[in-house]
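Student: One structure, pasted below without further comment.
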Amino acid sequence: MGFMRSYSKWVENISEFVGKGASWLTVALMLSIGYEVIMRYGFRAPTLWSFDISYMLGGSIYLLGLAWVLKEDRNVRVDIISCRFSPKTQLYINILFTVLLFFPMAVMLLKISWERMIHSWRILEKASYTVWYPPIYPLRTLVFFAFLFWLLQGICTFYRNIEKLKGDRS
Amino acid sequence: MIEASPEFITLLLFIPLLVCILLGYPLALALGGIGMTVSLLFYGPEQTFAVFYNRVWGVMIDYTFLAVPLFVFMGLMLERSGVSERLFGAIYLWMGPIPGGLAVATVLLGTILAAAVGIVGASVVMLGLIALPAMHARNYKKELACGSICAGGTLGILIPPSVMLVVYGPVADIGVGLLFMGAFIPGFMLSALYITYIIIVCLLKPDWGPPLPLSERQMPISRRINILLTSLLPTLSIIFAVLGTIFLGIAAPTEAASVGAIATALLCAVYKRLNLQVLQETLYQTIKVTSMVMIIAMCAGMFTATFLSLGCGKVFEQAILGMAMGRWGSFLIIHAIVFILGMFIDWIGIIFIMIPLVTPIGEALGFNKLWFAMMIIVNLQMSFLTPPFAYALFYLRGIAQPEWGIETHHIVRGVIPFILLIMVGLFLCIVFPDIILGLPKLLSMK
């Protein structure tokens with residue numbers, strides 16, 4: 001399993017790197033909206049671009065953090081019952097539901113976001129939420145890659161759990 | 001595709017969800033996975049995939065949700081600014097002579113922080129780190145100390161700005177600005193109830209919270225005023241920057257959130273607490289909390305899309321209305337459900353799963369929409385305090401030093417009176433609906 005081990009190391013680094021990098025977009029988000037507030041209420045000259053830029057930044061923050069959250073196991077869960085199970089049982093539960101629920105969902109989201117991304121590039125789609133009509137295919141591309149990192153991290157977490165289970169046995 | 005009665009589908013969705021949640025699988029993944037499986041059974045892949053993608057996209061482009069990372073950042077930044085230590089010192093100088101003065105100061109600080117912080121973790125941790133050592137040193141009764149910290153800290157998620165209200169608004173289709181206005185007075189009412197309780201109990205049992213010894217109280221009044229003003233003003237200006245702009249109808253909550261976030265970072269810089277490392281850690285923490293909340297928003301959206309489109313909302317509605325308990329009976333049942341769920345599930349889950357279900361019922365029963373929403377939000381205050389799953393208790397247990405001898409049962413017994421006080425608060429809001437509706441009416445009249 002040498003391949004899986006180096007794969008996991010790589011993917012974990014990517015998840016963390018992407019999450020940390022994306023966290024700086026929060027600063028950009030603050031400045032984008034802050035600038036809009038100053039221009040609109042201070043100078044009565046609202047910007048054309050702030051609304052679009054802001055939701056693009058926000059959406060990127062939500063999605064690019066997903067893999068990191070999964071890697072650090074920070075997803076919200078209710079552990080009042082499961083904390084009484086043995087670590088082995090907990091691992092079995094996690095592995096079972098990852099196969100039944102996580103993988104199908106992640107694969108589905110990856111497939112549909114791939115299709116939307118291709119379609120978006122083909123027609124050079126523009127967002128029509130404001131009169132600025134910015135190109136929206138970069139954001140559609142980002143959605144695809146965010147779900148790709150998410151799935152890759154999911155595979156990695158899955159592998160780590162199986163390793164732990166094996167370690168318990170030996 | 002397959003045909004099945006909505007009652008059957010309701011069970012098909014909820015029983016696996018319950019199993020997954022209780023077995024400790026992450027809430028978001030359970031919601032999304034089960035929603036997808038059921039949707040595939042009844043709608044087939046093409047429609048399911050399209051609906052789910054649109055749910056994700058819908059959350060991404062929602063302008064109101066953008067306030068979530070901003071308020072999270074603001075709360076975490078304020079935690080780093082050291083402003084709460086200054087405030088606590090100043091308030092304590094004034095509250096010292098009162099019986100239970102430290103506990104009163106804790107709740108007061110919690111109230112002020114609540115108006116600047118929108119996440120529950122930040123204010124409980126801040127209060128715990130500052131007030132718990134002080135109360136321990138003064139031999140406060142452990143139960144009273146823990147209870148006042150948990151109760152005062154959880155005000156942060158009720159008194160605006162609050163991430164809970166930001167999330168609630170789009171889910172229930174109510175303006176977040178309106179929710180902010182509605183939550184203001186109930187928040188202060190709870191704070192007043194807490195303080196009254198602390199003073200009364202400390203008058204009856206003086207050893208629960210002894211007042212400050214005379215030697216520590218002697219300070220000229222001009223100096224005390226000076227300390228209070230210098231520590232209070234920066235925080236108040238941030239509060240005004242955020243709440244003032246929303247209440248006066250100048251800015252949308254998202255815009256106010258960004259102004260507040262920038263202002264808090266500047267405050268940190270003025271106090272010389274801001275450097276690259278602090279900023280970096282705050283940002284890392286922000287994206288983790290944000291992604292954690294938003295993945296639930298997206299996955300719960302997928303779940304409820306399946307749920308509602310297959311007619312299960314009606315099943316739920318008829319089940320509650322069909323009990324023939326009358327208007328208030330149904331109201332009581334809804335609140336009992338929210339309360340019980342609050343003991344076991346995270347508030348984020350409750351909002352995203354329950355609110356799409358109960359909001360139409362509230363309307364069918366003829367309740368005012370804002371009032372109904374606010375009652376549930378106040379009810380959810382208890383979910384932070386009710387074991388076995390209670391955020392405030394977890395945080396407090398995490399920061400209590402072992403040598404203080406604080407056990408979980410101290411904390412649990414400590415919060416019970418405050419849970420009862422929230423119930424009193426809910427009752428008051430029923431008798432006097434203007435506690436909730438007064439401020440929105442007043443502000444929208446001008």
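Rule-based calculations on the coordinates, nothing more; no lab input. Treat the numbers as computed from the prediction; the structure is a model and nothing was measured. As a convention, Cβ positions derive from the backbone with ideal geometry for all residues, glycine included, and neighbour counts pool all protein chains shown.
Student: Tell me, B:86, A:77 in order of fewest to most beta-carbon neighbours within 10 Å? If you can, show how the numbers build up before the last one.
Tutor: Values: B:86 18, A:77 21.
Listing B:86, A:77 from fewest to most nearby Cβ atoms yields B:86, A:77.
Student: Under the definition of Cα pairs under 8 Å and six or more residues apart, what whole-number percent is the relative contact order of chain B?
Tutor: The value is 25 percent.
Student: Let me know the shape class of segment B:162-266, please: from the alpha-carbon gyration tensor, a ≥ b ≥ c as square roots of the eigenvalues, rounded when a/c is under 1.5, otherwise prolate if a/b is greater than b/c, or oblate.
Tutor: Oblate, because a/c is 1.5 or more while a/b does not exceed b/c.
Student: Another question, then. Please sort by residue number the chymotrypsin sites (Phe, Trp or Tyr not before Pro) in segment A:105-170 whose DSSP state is loop and whose Cβ has at most 15 other Cβ atoms within 10 Å.
Tutor: For chymotrypsin sites (Phe, Trp or Tyr not before Pro) across segment A:105-170 that sit outside H, G, I, E and B with at most 15 neighbouring Cβ atoms in 10 Å, the list reads A:129, A:132.
Student: Averaged across B:68-78, how many Cβ atoms of other chains sit within 10 Å of each residue's Cβ atom? Write out the running numbers ahead of the final one.
Tutor: On the way: counts 3, 10, 6, 0, 1, 5, 1, 0, 0, 0, 0.
Mean shielding count: 2.
Student: In straight Cα distance, which aspartates and glutamates are under 20 Å from residue A:20, not counting same-chain residues fewer than 8 positions off?
Tutor: A:12, A:72, A:73, B:281
Student: Okay, moving on. For the protein assembly as shown, what does -39500 (n - 2.57) per DSSP helix run (n ≥ 4), summed and divided by total residues, give at 222 nm, in deg cm²/dmol to the nearest 500? Could the numbers behind the result be given before it?
Tutor: Numbers: 27 runs with 460 residues, N = 616.
Estimated from H runs of four or more residues: -25000 deg cm²/dmol.
Student: How do A:52-63, B:293-304 rank on mean C-beta neighbours within 10 Å, highest first?
Tutor: Details: A:52-63: 23.8, B:293-304: 25.7.
For the peptides A:52-63, B:293-304, the packing ranking is B:293-304, A:52-63.
Student: Which whole number gives the average, over all residues in B:257-266, of C-beta atoms from other chains lying within 10 Å of the residue C-beta?
Tutor: Per-residue shielding by partner chains comes out at 4.
Student: Compute the distance from the alpha-carbon center of segment B:39-103 to that of segment A:49-63, in whole Å.
Tutor: 18 Å
Student: Considering only C-alpha atoms, what is the centroid distance from segment B:221-256 to segment B:367-427, in Å?
Tutor: Taking the Cα centre of segment B:367-427 as reference, the centre of segment B:221-256 is 27 Å away.
Student: What does the highest-first list of B:338-344, B:157-163 look like by mean Cβ count within 10 Å?
Tutor: Output ranking for B:338-344, B:157-163: B:157-163, B:338-344.
Student: Going 7 Å from the Cα of residue A:86 along its beta-carbon direction, which residues of segment A:139-170 have the amide nitrogen within less than 16 Å of the resulting point?
Tutor: Only A:164-170 fall inside the zone, counting backbone N under 16 Å.
Student: Shielding by partners for B:403-415, please: the mean number of other protein chain Cβ atoms within 10 Å of each residue's Cβ. Don't skip to the end; give the middle numbers.
Tutor: Numbers: counts 0, 0, 0, 0, 0, 0, 0, 0, 0, 0, 0, 0, 0.
Across B:403-415, the average partner-chain Cβ count within 10 Å equals 0.
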